[in-house]
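Every number in this text was worked out from the coordinates using simple rules, so none of it is lab data. All values reported here derive from a predicted model rather than from experimental measurement. Here the Cβ positions follow ideal geometry from the backbone for every residue, glycine too, while neighbour counts run over all protein chains shown.
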Amino acid sequence: DGGITQSPKYLFRKEGQNVTLSCEQNLNHDAMYWYRQDPGQGLRLIYYSQIVNDFQKGDIAEGYSVSREKKESFPLTVTSAQKNPTAFYLCASSPHRQGSYEQYFGPGTRLTVT
Amino acid sequence: AQSVTQLDSQVPVFEEAPVELRCNYSSSVSVYLFWYVQYPNQGLQLLLKYLSGSTLVKGINGFEAEFNKSQTSFHLRKPSVHISDTAEYFCAVTHMEYGNKLVFGAGTILRVKS
């Protein structure tokens, strides 16, 4: 089955620790995205990558970092500099070709930092 | 800059009643529009999309939406809802010059009551 996997489903960390969220896709999509979701605020774009070894900041990149060493993988690191990291994190991918603009989402990772 | 406004944060409705979830967008260029559904603690699933052509778009699970360019709206409708339609619904917009990045509304929680 083709799709996007995110692991783990739930993640707990102590304040001051960095944590890496995994996102893998086998859809052969060029573009990948990370969103943060908070109640009542919709989805906010953290980082996105349209091609391997290249990525751009989204609207709320401060305190986060990413890498794109392989087409199928786009891990997100939540650093200790992120002031309010507790949230639901969603990864998405898209074909990034003209005529195909929708994004496909993974199941999400709920991060709780105490 | 693009923005999306979902006019209702919550919509309660009885089972088998019709429902309309409202979405307005602001953009000075031609846009592509999407509706996604999110069940609790899950990722987003594409319901339907408008890229061009007929302004009435049909999607999965009996949902449809109408693109109205003059009113910059893309309202989602279903003639008869089921308990299983209880979820959060997100409207999103993008356009070609925006590099396929989606801008999401804050979401509307549809609560179907028996």
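Data overview
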{"quantity": "Hey, A:G40 over 19 Å from B:T94 (Cα atoms), within 13 Å of another protein chain (Cβ to nearest Cβ) and assigned to a loop (DSSP other than H, G, I, E, B) or not", "calculated": "yes"}
{"quantity": "Selected residue (criterion: nearest to the other protein chains (Cβ to nearest Cβ)) from residues of the range B:29-53 that are farther than 24 Å from A:T5 by Cβ and of a type in the set (S, T, N, Q)", "calculated": "B:S52"}
{"quantity": "Test: residue in the range B:76-96 that is under 30 Å from A:Q56 (Cα atoms), within 12 Å of chain A (Cβ to nearest Cβ), polar (S, T, N, Q) and outside any strand (DSSP E or B)", "calculated": "no"}
{"quantity": "Residue in the range B:6-22 that is within 11 Å of chain A (Cβ to nearest Cβ), assigned to a strand (DSSP E or B) and within 13 Å of B:E88 (Cβ to Cβ) present", "calculated": "yes"}
{"quantity": "Qualifying residues in the range B:60-75 (those that are assigned to a loop (DSSP other than H, G, I, E, B) and touching a residue at least 40 places away in the same chain (Cβ under 8 Å)) - the one surrounded by the most Cβ atoms within 10 Å (Cβ to Cβ)", "calculated": "B:T72"}
{"quantity": "The one condition in (1) among the charged types (D, E, K, R); (2) at the interface with chain A (Cβ under 9 Å from one of its Cβ atoms); (3) farther than 28 Å from A:C91 by Cα that B:K113 fails to fulfil", "calculated": "(2)"}
{"quantity": "Check on B:V57, crowded, with 21+ Cβ neighbours inside 10 Å, under 16 Å from the mean Cα position of the chain (by Cα), away from chain A (no Cβ under 11 Å) and outside any strand (DSSP E or B)", "calculated": "no"}
{"quantity": "Where a residue in the range A:72-97 is without any contact (Cβ under 8 Å) to a residue 40 or more places away in the chain and its partner, wherever it lies, is exposed (fewer than 15 other Cβ atoms within 10 Å of the Cβ) and outside any loop (DSSP other than H, G, I, E, B), with Cβ under 6 Å and at least six apart", "calculated": "A:T86/A:T112"}
{"quantity": "Residue in the range A:19-35 that is free of Cβ contacts under 8 Å to residues at least 60 places away in the same chain, within 11 Å of chain B (Cβ to nearest Cβ), under 23 Å from B:V31 (Cβ atoms) and not β-branched (V, I, T) present", "calculated": "yes"}
{"quantity": "Yes/no for A:Y48 being over 13 Å from A:V113 (Cβ atoms), in contact (Cβ under 8 Å) with a residue 12 or more places away in the chain and touching a strand residue (DSSP E or B) at 6+ places or on another chain (Cβ under 7 Å)", "calculated": "yes"}
{"quantity": "Residue check for A:V113: β-branched (V, I, T) and within 15 Å of the chain's Cα centre (by Cα)", "calculated": "no"}
{"quantity": "Selected residue [under 22 Å from B:F104 (Cα atoms) and crowded, with 20+ Cβ neighbours inside 10 Å] from A:Q50, A:Q41, A:Q6", "calculated": "A:Q6"}
